[in-house]
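Some notes on the structure that comes next.
The values are calculated or read from the model by the stated rules, or taken from the named source; none is laboratory data. Note that this is a predicted model, so its numbers are computed, not measured. For accessibility, only protein heavy atoms count, side chains too; no ligands or nucleic acids. Shrake-Rupley method; radii C 1.70, N 1.55, O 1.52, S 1.80 Å.
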Amino acid sequence: MDTQVVVIDENNIDEKAKEALKKAGQILLDGGLVAFPTETVYGLGGDGRNPDSSKKIYAAKGRPSDNPLIVHIWQVEDLYKVASDVPEAAIKLAKAFWPGPLTMILNKSDLIPLETTGGLETVAVRMPSNKIAAAMIKEGGGFIAAPSANTSGRPSPTMAKYCIEDLDGKVEMIIDGGQVGIGLESTIVDLTVDVPMILRPGYITYEMLKEVLPEVSIDKTIIDSNSKLKPKAPGMKYRHYAPKGELTIVEGSQEHVLKYINEHAAKMQEQGHKVGVIATDATATFYKADVVKSVGSREDERSVAHGLFRILREFDDEDVDVMYSESFDTNGIGQAIMNRLLKAAGQHVEHV
């Protein structure tokens, strides 16, 4: 299969771009796949109403078929078409955070087949704010199933070049909309339980949700390094976001973390490994390794979220096979950052 790559500027969707989006929409309606940008990460889209399209998504990614796909819509009223019932909590969250990086789990309608929901009677729904995504979803029939546009288990793509790296020859089209804004996948909230529960942390934090809903709970496995605990969300039991090399998170005081990483980096280098370190703006100059990258500032953890997956991909580009990362606080968006790091590291944490 020849994969067409088209470049579209989200801030200038001209006639040429509109034609490309119409073509993308037709590919989706015909049962094909399109990788496209959202405000979170790049998604791999297929018609969420078409069982065969969902099967193609799983095949292209090498994704386990019990890992549900998120259905993306372009207008709020379509929520009532994909869900069999829409509780008051969903209406409140949609008003507060849509379009945006929030996914809600609801009981599904007959419109969405079990092939899209991983065999579950629930459906995950999101309405992205990215203008390219919204236009493509509309052109493609309005109900686009889309996980992240990467090989299953790899770091999610925040730039089109990584979609090309993973999916060239496997999908009909890749839309290059530049680097995404947020860099981590959407927050997932389960609204089919008595107390809404966060199943995956993201840009929309627990604190933000609490401002809208009277009660919110958190699946305790999302930031717990105990791999024996079983997460509530089916997809979270799999290793995610992983670079090709071995990643270790080092947790403790700054002094002890610096000492541990530098000592172990030196040992790994002596053994012939190429070593990378995920540092912050304040600490990057203190590390001695083959590749040291600052993921951002602890004073602005949104910058850390924005850069995390990009750095993991860059380590792969540079053939780094042993990596160490500082840990982060689990308040606010830090919870999402640590969730992704723990998954990327296979729960490997050293406390120093």
- Item | Alpha-carbon centroids, region 136-183 and region 16-40: separation in whole Å | 10 Å
- Item | Nearest-10 value in Å² for the accessible area of ASP219, using the 1.4 Å probe | 10 Å²
- Message: With n ≥ 4 as the cut-off for DSSP H runs, can you work out [θ] at 222 nm for the chain, using -39500 (n - 2.57) per run divided by the number of residues, rounded to the nearest 500?
- Response: -9000 deg cm²/dmol
- Message: With the cut-off at 22 Å, tell me which of the pairs LYS244/LYS293; LYS161/LYS288; LYS18/LYS61; LYS16/LYS95; LYS56/LYS244 have Cα atoms farther apart than that.
- Response: LYS161/LYS288; LYS18/LYS61; LYS16/LYS95; LYS56/LYS244
- Task: Starting from the residue with the highest accessible area, list TRP98, TRP74 in decreasing order, probe 1.4 Å.
- Result: TRP74, TRP98
- Task: Only Cα pairs under 8 Å and at least 6 apart count here; give the relative contact order of the chain as a rounded whole percent.
- Result: 19 percent
- Item | Normalised convex hull volume, region 1-131, alpha-carbon set, Å³ per residue | 110 Å³
- Query: For the chain, with every protein chain kept in place, what is the accessible area per residue (1.4 Å probe, Å²)?
  - Reply: 41 Å²
- ³J(HN,Hα) across region 70-84 via Karplus (A = 6.51, B = -1.76, C = 1.60, θ = phi - 60°), whole Hz, x for Gly/Pro? 7, 8, 9, 10, 10, 9, 4, 4, 6, 4, 6, 8, 8, 10, 6
- Query: Using modelled amide H (1.01 Å from N, peptide plane; none on Pro or chain starts), what sits under 5 Å from the amide H of THR103, excluding residues fewer than 5 places away?
  - Reply: THR187, ILE188, VAL189
- Item | Using θ = phi - 60° and Karplus 6.51 cos²θ - 1.76 cosθ + 1.60, couplings along region 176-190 (whole Hz; Gly, Pro as x) | 8, x, x, 6, 6, x, 8, x, 10, 5, 5, 5, 10, 10, 8
- Note on the structure: Ignoring ligands and nucleic acids, HIS306 exposes an accessible area, probe 1.4 Å, in Å² to the nearest 10, of 60 Å²
- Message: Once you keep just the Cα pairs under 8 angstrom separated by 6 or more residues, what percentage relative contact order results for region 27-179?
- Response: 36 percent
- Percent accessible area from carbon and sulfur atoms, the chain, protein chains only, probe 1.4 Å: 48 percent
- Query: So who's got an amide H within less than 5 Å of the one on TYR324, skipping anything under 5 residues away but keeping other chains? H placed 1.01 Å off N, in plane.
  - Reply: THR248, GLY276, VAL277, ILE278
- Item | Sequence-distant residues sharing a close amide H with THR122 (under 5 Å, placed H) | LYS108
